[in-house]
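Note sheet for the following structure.
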Amino acid sequence: MAGISSDIIRGYNDTMILYLLLDRPSYGYEISRQIRLMTEEKYVIKETTLYSAFTRMERNGFIVSFTMEAETGKRRTYYRITEQGRAYYREKCEEWELTKDVVERFISVDGRRFLPGESR
Amino acid sequence: METIRNYLETMFRNMPNTPEVRRAKDELGQMMEDKYSELIAEGLSENAAVGTVISEFGNLDEISEVLGISHFLPARVENTQRAGRMLSMDEIRDYLHDDRKAGLILSVGVFACIVSVCGPILMDTIGNYMGGSSFFDAVGVMILFLLVMAGVAAFIIAGRMRAKWAHIRKEPCSIDYSTAQYLTEMVRTDEQRFSAVRIVGVLLCIASIVPVIILSNISVLSRLFETIGSCLLFVIAGIGVLLIIFSIQYQSAAKELLRKNSGDTVGGNFTRTQTEIREGAEKSGFLSVYWPTVTCVYLCVSFLTFEWGITWLIWPIAGVLYRILVLAVRRARRNGGM
């Protein structure tokens, strides 16, 4: 099976991170671990990619960082989603629905075509 | 864990030394450490865990881009050239070994030159007891010349040994994180040992006058005792100077190496913060020659005036002056924007 295309996934790293921040603040490794578990290890986010996303989104006001002591007593940088971030997340979800809808019209496996919305 | 930290330091060593970059490095280090701990907890071997963490680290260009230091990327190439090649650990060990040997030979050479004057002094006295034969005078002068020759030979040998490694001192080159750590640790341990050696050296220089005072006050056979006293003065002062020179020379190479990494980059960051506090004023060449100079002035003035009862005052005055100079140099450096 072909690996995941980093070009395509790049546009949705922010979406994944914001999704994981919707309910509660989190920190770097926890987010990367969640992504790995939720995708059943089909996608492992690189540390540099994750940190770049944090920096970029913080600059755009989608997330804010703060330092907090973890249960173990270790000081960590946590990230919290902002209202702006939630709005951006909804926007990205809509964008993905549209993208998926468009691209899927052109996908065929073994000559079998799928109509949008049809399950495989 | 050590491997991961070294890897991170090496990746960042040519990045500009800014708060943003340092923060990025800390954050990435934290993530890697967390991942490593969990992999170990899952039962992976240390090697496997390190391998996974490093393979999933990613690409630093991504970081440079988002931190707005992409303009630094072309400069990074130039920077690497300026930083020169990396020195290997073996090379550094050989260099330090040779440099220390040269330092020892040099100090022994200085010692030989100082004690050479004992020849004529001793032979003159013996000659007097033997009935004023000029044969003994000749022997005395010969001893002097032989010792001076030995001293000069030692200087030449030491210079040759140093010349072999001139490329390390002149060429631009740099050391990696673990080497810097190793050297810092070594300088710290040696510092304690050699500051004691230096103090003993200074004390010997001061104490060298004691035998002369005691022995010249014994009236019987005073002439012989005076001679022995003055010979002892040169021998003891010689040992003192030897210890001072050797203790300074011993560490100079390691300190020099630690200064190789440029302070503009993260690689230089480690070196500066780790060594600046300890090295303090010794960093400037001027202060490093301060004590040998004082010793030299003390001996010269004392021998020219023979006012040994007063000239020791040079030491307390020099001590106070040293503190003032250290403070002045530090202030000048701070104002210089360091």
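A compact table of results
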| read-out | value |
| --- | --- |
| Of all residues making up the stretch A:36-55, the number that are within 11 Å of chain B (Cβ to nearest Cβ), free of Cβ contacts under 8 Å to residues at least 40 places away in the same chain and not in a loop (DSSP other than H, G, I, E, B) | 9 |
| Residue satisfying all of: in the stretch A:11-35; touching a Ser or Thr at 6+ places or on another chain (Cβ under 8 Å) and part of a helix (DSSP H, G or I); nearest to the other protein chains (Cβ to nearest Cβ) among these | A:Gly28 |
| Test: residue in the stretch A:66-89 that is polar (S, T, N, Q), without any contact (Cβ under 8 Å) to a residue 12 or more places away in the chain and surrounded by 14 or more Cβ atoms within 10 Å (Cβ to Cβ) | no |
| Qualifying position, being surrounded by fewer than 12 Cβ atoms within 10 Å (Cβ to Cβ), modelled with pLDDT of 80 or more and farther than 30 Å from B:Gly229 by Cα, among B:Leu327, B:Leu313 | B:Leu327 |
| Filter pass, A:Leu37 being under 14 Å from the mean Cα position of the chain (by Cα) and surrounded by 11 or more Cβ atoms within 10 Å (Cβ to Cβ) | no |
| Per-region count, the stretch B:184-235, residues of a type in the set (S, T, N, Q) and under 23 Å from B:Gly127 (Cα atoms) | 6 |
| Within the stretch A:71-93, tally of residues that are within 12 Å of A:Pro25 (Cα to Cα) and within 14 Å of another protein chain (Cβ to nearest Cβ) | 4 |
| Some residue of the stretch A:68-79 being in contact with a Leu (Cβ under 8 Å, 6 or more places away or on another chain) and in a strand (DSSP E or B) | yes |
| Residue match in the stretch A:64-87 (condition: of a type in the set (A, V, I, L, M, F, W, C) and touching a Gly at 6+ places or on another chain (Cβ under 6 Å)) | no |
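Each row is one residue, and each column tells you yes or no for (1) farther than 14 Å from A:Gly28 by Cα; (2) within 11 Å of another protein chain (Cβ to nearest Cβ); (3) within 36 Å of the chain's Cα centre (by Cα).
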{"position": "B:Thr10", "(1), (2), (3)": "yes, no, yes"}
{"position": "B:Met15", "(1), (2), (3)": "yes, no, yes"}
{"position": "B:Glu20", "(1), (2), (3)": "yes, yes, yes"}
{"position": "B:Arg23", "(1), (2), (3)": "no, yes, yes"}
{"position": "B:Tyr36", "(1), (2), (3)": "no, yes, no"}
{"position": "B:Ala49", "(1), (2), (3)": "yes, no, no"}
{"position": "B:Ser55", "(1), (2), (3)": "yes, yes, no"}
{"position": "B:Leu60", "(1), (2), (3)": "yes, yes, no"}
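The values are calculated or read from the model by the stated rules, or taken from the named source; none is laboratory data. Note that the coordinates shown come from a computational prediction; the quantities given were computed from them, not determined experimentally. We place every Cβ from the backbone using ideal geometry, glycine too, and count neighbours over all the protein chains shown.
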